[in-house]
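Colleague: Take a look at this one; I'll ask things after.
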Amino acid sequence: MCGRYSDPCEEDIVEAFHVQEVTGHKEPSANVCPTQPVSIVVQDEALRKLRLARWGLIPSWAKGVDARPLINARAETVIVKPSFRAAAARRRAIAPALGYYEWAASPPGRKQPWFLQPEDGGILGFAGLYEWWRIPDGVTPPAGADDGWLCSCTIITRPAVDVAGRLHDRMPVVVPPDLIDTWLEPTLTNLADVENLLAAMPAPALVPIQQSPLGQSS
């Protein structure tokens, strides 16, 4: 899974993903957590945009904010799950990251955090989905809501391989540079094509860096 990650600064995201318009700003964080605002790259008609979204997707039909946010979506079922199907067809995104954290069992009864980052030290683009949720009347707007609407997102995961598979059975789907335009393409709406595109994305080459147990949680 992906429950914590580190994100790049805005300037590096704009350069790496050829962003043309920035609609929301945040400071980079070494420990991005669920329900926090995160930066996502989206294709809005002719413009490549960087916007903020709450990490933990809220389906458009939800009556309220779930206590267990949908921070991850499985690549194997994302086109059939009601919570993700509509977004998979029309609202795909990329969550830029420097790497992500996993925790491995470490005796006696403790967990050792590891940070998985790309071999070249560059920026990863996690495959994601986003959704717009209309806040019902009488419901207190969550943080990040704008004019009665809240943008939220999820990160797609796949079975983990190589070194990542020794730490956890899931890992984020990383969109390679040559498939970024295709993944964000608004006219790609056929769910079978989306499924095939996810299956075509290779697993990234990652390096695990051991972290101090202090200051991290699983």
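Colleague: Picking from PRO34, PRO176, PRO118, whose Cα lies most toward the positive end of the charge dipole for the chain (charges on Cβ: Lys, Arg +1; Asp, Glu -1)?
Modeller: Checked the options; the winner is PRO34.
Colleague: So how much slack lies between ALA192 and GLU76, counting 0.36 nm per residue of separation and subtracting their Cα-Cα distance, in nm?
Modeller: Result: 40.6 nm gained on full extension.
Colleague: What length, rounded to one decimal in nm, is gained on full extension from GLU11 through to HIS25, with 0.36 nm per residue of separation minus their alpha-carbon distance?
Modeller: Between GLU11 and HIS25, full extension yields 4.0 nm more.
Colleague: Sticking with this one: How big is the convex hull of the Cα atoms of region 118-218, per residue, in Å³?
Modeller: 176 Å³
Colleague: Taking all protein chains as present, what is the carbon and sulfur share of the accessible area of region 159-218, in % to the nearest whole number, probe 1.4 Å?
Modeller: 53 percent
Colleague: How much solvent-accessible surface does LYS81 expose, in Å² to the nearest 10, with a 1.4 Å probe and all protein chains in place?
Modeller: Approximately 100 Å² for this residue.
Colleague: Label CYS33 and ASP137 with points 7 Å out from Cα along Cα→Cβ: what is the distance between them in nm?
Modeller: 3.5 nm
Colleague: Follow-up question, since we're still on this one. Residues with amide H under 5 Å of ALA160's amide H, sequence separation 5 or more or different chain, H placed in the peptide plane at 1.01 Å from N; which?
Modeller: ARG170, MET171
Colleague: Using +1 on the beta carbon of Lys and Arg, -1 on that of Asp and Glu, and nothing else charged, what's the dipole of region 1-119 about the Cα centre, debye to 20?
Modeller: 760 debye
Colleague: In whole Hz, with x marking every Gly and Pro, tabulate ³J(HN,Hα) for region 18-35 from phi via Karplus 6.51 cos²θ - 1.76 cosθ + 1.60, θ = phi - 60°.
Modeller: Couplings: 6, 6, 9, 8, 10, 10, x, 10, 8, 7, x, 10, 7, 8, 6, 10, x, 6 Hz.
Colleague: If R0 is 35 Å, what FRET efficiency do you get for ARG90 and GLU119 from their C-beta distance, rounded to 0.05?
Modeller: Taking R0 as 35 Å, the efficiency between ARG90 and GLU119 is 0.55.
Colleague: Which value, in debye to the nearest 20, gives the size of the charge dipole of region 68-160 about its Cα centre, when Lys and Arg are +1 and Asp and Glu are -1 at the Cβ?
Modeller: My answer is approximately 380 debye.
Colleague: Moving on. Nearest 0.05, what FRET efficiency do VAL161 and SER106 give at R0 = 22 Å with Cβ-Cβ as r?
Modeller: Computed FRET efficiency for VAL161 and SER106: 0.50.
Colleague: Which whole-number value in Å³ per residue fits the convex hull of the alpha carbons of region 27-186?
Modeller: Roughly 141 Å³ of hull volume per residue.
Colleague: Let me have the relative contact order for the chain, percent, based on Cα pairs under 8 Å that are six or more residues apart.
Modeller: 23 percent
The values are calculated or read from the model by the stated rules, or taken from the named source; none is laboratory data. Since we're looking at a predicted model, the values are computed, not measured. Note: ideal-geometry Cβ built from the backbone for every residue, glycine included; neighbour counts use all protein chains shown. Ligands, DNA and RNA are stripped out before the accessible areas are found, and what is left, the full protein with its side chains, is counted by its heavy atoms. Shrake-Rupley method; radii C 1.70, N 1.55, O 1.52, S 1.80 Å.
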